[in-house]
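Below is one structure, written out as structure tokens, with a few remarks after it.
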Amino acid sequence: MKPLPTLLLVFAGVHALIADGTIEGKLSVESMKPSPSRPGYLPSPTKQPVLKPESAPAIVYLERDDGVYPRTKTNETVRIRQSGYQFRPSMVAIQTGTKVDFPNLDEEFHNVFSCSKAKHFDLGRFRKEEASPEVLFNKPGVVKIYCEIHQHMRCFVVVLDTPWFVKTDAEGKFSLNNIPPGDYSLKIFQPSERLIQQRVTVTDGQTNTVNLTR
Amino acid sequence: MKPSQRLLVLLFSGTAALRGGGFFDTLDDKTRFDSDALGLHADLSFMTDATLYVPELPAQGLLTSDDHVFFVPRLMTFFDAQMGDRLTLHTQMRADRGFDPGAVPDGDVRLDEYYLQGRILRDDDLNVRVGKFGTAFGSWAKRSLSWNNPFVTAPMAYEDVLTVSDRKLAPSGVKFAQRRDLPDNKTNWLPILWGPAYTTGLSVSDRIDWVEYAFEVKNASISSSPEVWDAAQVGFPTNPTFTGRVGLRPAPEWSLGTSVSHGTYLQDSTASLLPVGSSVNDFTQTTWGIDAGYEHGRWQIWSELIGTRFEVPWVGALEAVSGFVEAKYKITADLWTAFRWNQAAFGDVPGLDISWDRNGWRSDIAFGWRVSENIQTKLQYSLGDKSGREPEGNHLGALQLIMKF
């Protein structure tokens, strides 16, 4: 893959609250690698200028040992637009069983596809204002998505069984709310595809703090 | 099994291990250079083909081997650099067994493309390109790389060798007409348009709303052979070839275009063999073409109709028409099929009631499998015939594995 922004986890303060606990933390950005594509730098010209890709955040999520999760996030349809010859957002986390649509907002064709193990699909050529096909993601895993026509375009869909996930904000902050007490693996998926993980215990009435390093 | 065939089997069996793409991603990361301070962004990328041809001999098109099974590996190295906002550099180097399969059986390394391109105006698509690059004629050159071509071979108009030559002259029309009964002489004869015609010169291209155009002045005709494409090696002639295409994109689905090319095609070595008072500049190839493309959903369709006229010493004007219709359909997310119908017809030799080459047709069918975003493989079968002509094989099978990274 092309270089992507990476995050160095400098500090993660994890506070677990009772019953409907909240886990919070902060990831500090160490450095930003060059974006996968420089605007205007393309092997074939496009009708409109290529805009900058979005900075990809990290995905923070909790997994339970028994692998049993409530299916609380599968009713929504997540939207990944193609705009300015980029996928927006460029990284998404969803729960297995979620549908994603891919509206094309550019004046030219896009052809969204993936060959990832977790999901194979090819939407063919479709244009602006055409009804976007919906894709059901029913297997957990990381799905790398591309455009067959504009090869610089790429996007991650992180498909998770757990409903307890969140994207960090631009400053690297995250907050996971309404987490039942128990033992979890706290995992962080970074744009570089590196995975950081740490065992955490959410205990009634206590705050647990963990430090995670790469 | 020959070592080359064993290698191909090994390559195919090894693709499964590379499906994850992590290896290619890592490699891609390491072959890129970006510096905002210098305003320089450079990328080194690669494409490898491994192709097995199984022709009925003599083989169709520009396949020059006389083996029943012929293996052609190819490594393409691309270097792209953007310098500032407006200047780009592109090079394509190939290591293989000749530009056309088997042309250099023992191996060859060439710089097939190199050009510098500048965007003249900051907010406009007006580009000027200088160097060695594919022709603006027609629509096939843009998808001629193996990754973009649904087939292993080119359309007939781009690779079917005709009896006209840029270096071997027939002394009369009668003698020339006898060539049509001989096997194709792939060393000396020419097609209407030779592959993507990476000739050397200068081009101007632009896109204004839904109209696009490209005009170029190059050192050799579109039918010329690869050995005369590089002006750095063979020089620039006094009479260059002028080629242009005007295209329309009324909607994303449609692409329409018309092309014209005119220029001399004879090599200087024929000068002493020409009629008294004439020079190589008096003998030209003039070609016109129309192309139309449609794509939507799972379909991509392309077609071209090309007419050409060669002014041939001692013979006169020879005319030919060749065309093709090509369709690609994605069966599933990973599998696709493609079909192409090619047909060619030839005018008479001046003064004789006989066509100067055999009318012919060829149908190509291909199946492809996109193994991953970096790997795909294609299987092609071609059946062709030239009316009443025995010397050329009617069948060709080809299997190709492509990796890009």
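The values are calculated or read from the model by the stated rules, or taken from the named source; none is laboratory data. Note that the coordinates shown come from a computational prediction; the quantities given were computed from them, not determined experimentally. As a convention, Cβ positions derive from the backbone with ideal geometry for all residues, glycine included, and neighbour counts pool all protein chains shown. Surface accessibility is based on the protein's heavy atoms, side chains included, excluding ligands, DNA and RNA. Shrake-Rupley method; radii C 1.70, N 1.55, O 1.52, S 1.80 Å.
Summary of values
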quantity	calculated
Options B:Ala232, B:Ala251; residue that is open to solvent by 10 Å² or more (accessible area, probe 1.4 Å), of a type in the set (A, V, I, L, M, F, W, C) and within 14 Å of chain A (Cβ to nearest Cβ)	B:Ala251
Residues located in the range A:85-118, provided they are facing chain B (nearest Cβ under 9 Å), in a strand (DSSP E or B) and of a type outside the set (S, T, N, Q)	A:Phe113, A:Cys115
Residue check, B:Leu266 within 30 Å of B:Ser303 (Cα to Cα) and open to solvent by 30 Å² or more (accessible area, probe 1.4 Å)	no
Condition met for B:Arg129 (assigned to a loop (DSSP other than H, G, I, E, B) and basic (Lys, Arg))	no
Enumeration of residues in the range B:97-143 that are in contact with a Pro (Cβ under 8 Å, 6 or more places away or on another chain) and either within 22 Å of B:His262 (Cβ to Cβ) or β-branched (Val, Ile, Thr) (or both)	B:Gly134, B:Thr135, B:Trp140, B:Ala141
Any hit, the range B:217-229, residues being within 14 Å of chain A (Cβ to nearest Cβ) and within 22 Å of the chain's Cα centre (by Cα)	no
Pairs, first within 19 Å of A:Thr98 (Cβ to Cβ) in the range A:56-72, second basic (Lys, Arg), C-beta under 8 Å, six or more apart	A:Pro57/A:Lys167; A:Ile59/A:Lys167; A:Val60/A:Lys167; A:Val60/A:Lys187; A:Tyr61/A:Lys187; A:Leu62/A:Lys187; A:Glu63/A:Lys187
In the range A:37-68, the residues that are at pLDDT 90 or above and surrounded by 21 or more Cβ atoms within 10 Å (Cβ to Cβ)	A:Ile59, A:Val60, A:Tyr61, A:Leu62
Selection from the range A:44-84 of residues that are in a loop (DSSP other than H, G, I, E, B) and within 14 Å of chain B (Cβ to nearest Cβ)	A:Ser44, A:Pro45, A:Thr46, A:Lys47, A:Gln48, A:Pro49, A:Val50, A:Lys52, A:Pro53
Residues (crowded, with 19+ Cβ neighbours inside 10 Å, closer than 23 Å to B:Gly393 by Cβ and not small (Gly, Ala, Ser)) located in the range B:181-197	B:Asp184, B:Lys186, B:Trp189, B:Leu190, B:Pro191, B:Ile192, B:Leu193, B:Trp194
Condition broken by B:Val217, with the remaining ones in (1) under 23 Å from B:Tyr265 (Cβ atoms); (2) open to solvent by 20 Å² or more (accessible area, probe 1.4 Å); (3) part of a loop (DSSP other than H, G, I, E, B); (4) among the aliphatic types (A, V, I, L, M) satisfied	(3)
Hey, A:Val142 within 13 Å of chain B (Cβ to nearest Cβ), in contact (Cβ under 8 Å) with a residue 12 or more places away in the chain and surrounded by 16 or more Cβ atoms within 10 Å (Cβ to Cβ) or not	yes
Matching entry among B:Leu193, B:Leu162 (being within 25 Å of B:Ala271 (Cα to Cα), in a loop (DSSP other than H, G, I, E, B) and within 13 Å of the chain's Cα centre (by Cα))	B:Leu193
Hits in the range B:46-99 - residues which are in a strand (DSSP E or B), under 21 Å from B:Lys386 (Cα atoms) and either without any contact (Cβ under 8 Å) to a residue 12 or more places away in the chain or not aliphatic (A, V, I, L, M) (or both)	B:Tyr53, B:Pro55
Hey, B:Phe242 closer than 30 Å to B:Gly98 by Cβ, surrounded by fewer than 21 Cβ atoms within 10 Å (Cβ to Cβ) and out of contact with any Phe, Trp or Tyr (no Cβ under 8 Å at 6 or more places or on another chain) or not	no
Single residue of B:Gly351, B:Gly368, B:Gly360, B:Gly393 found to be over 19 Å from the mean Cα position of the chain (by Cα), in contact (Cβ under 8 Å) with a residue 40 or more places away in the chain and at positive phi	B:Gly351
Test: B:Ala333 is more than 17 Å from B:Ser165 (Cα to Cα) and open to solvent by less than 40 Å² (accessible area, probe 1.4 Å)	yes
Hey, B:Arg6 more than 14 Å from every other protein chain (Cβ to nearest Cβ), more than 19 Å from B:Val371 (Cα to Cα), open to solvent by 40 Å² or more (accessible area, probe 1.4 Å) and at pLDDT below 90 or not	yes
Unmet criterion (only one of (1) open to solvent by 30 Å² or more (accessible area, probe 1.4 Å); (2) within 14 Å of chain B (Cβ to nearest Cβ)) for A:Gly124	(1)
Residues of the range B:264-299 classified as of a type outside the set (A, V, I, L, M, F, W, C) and either on the phi > 0 side of the Ramachandran plot or within 14 Å of chain A (Cβ to nearest Cβ) (or both), total	7
Every residue from the range B:344-375 that is within 30 Å of B:Met47 (Cα to Cα), open to solvent by 10 Å² or more (accessible area, probe 1.4 Å) and either within 14 Å of chain A (Cβ to nearest Cβ) or part of a loop (DSSP other than H, G, I, E, B) (or both)	B:Trp369, B:Arg370, B:Glu373, B:Asn374
Hits in the range B:104-122 (condition: closer than 19 Å to B:Gly195 by Cα and assigned to a strand (DSSP E or B))	B:Asp108, B:Val109, B:Arg110, B:Leu111, B:Asp112, B:Glu113, B:Tyr114, B:Tyr115
When residues of the range B:58-103 are limited to those that are acidic (Asp, Glu) and closer than 19 Å to B:Trp194 by Cβ, the one nearest to the other protein chains (Cβ to nearest Cβ)	B:Asp96
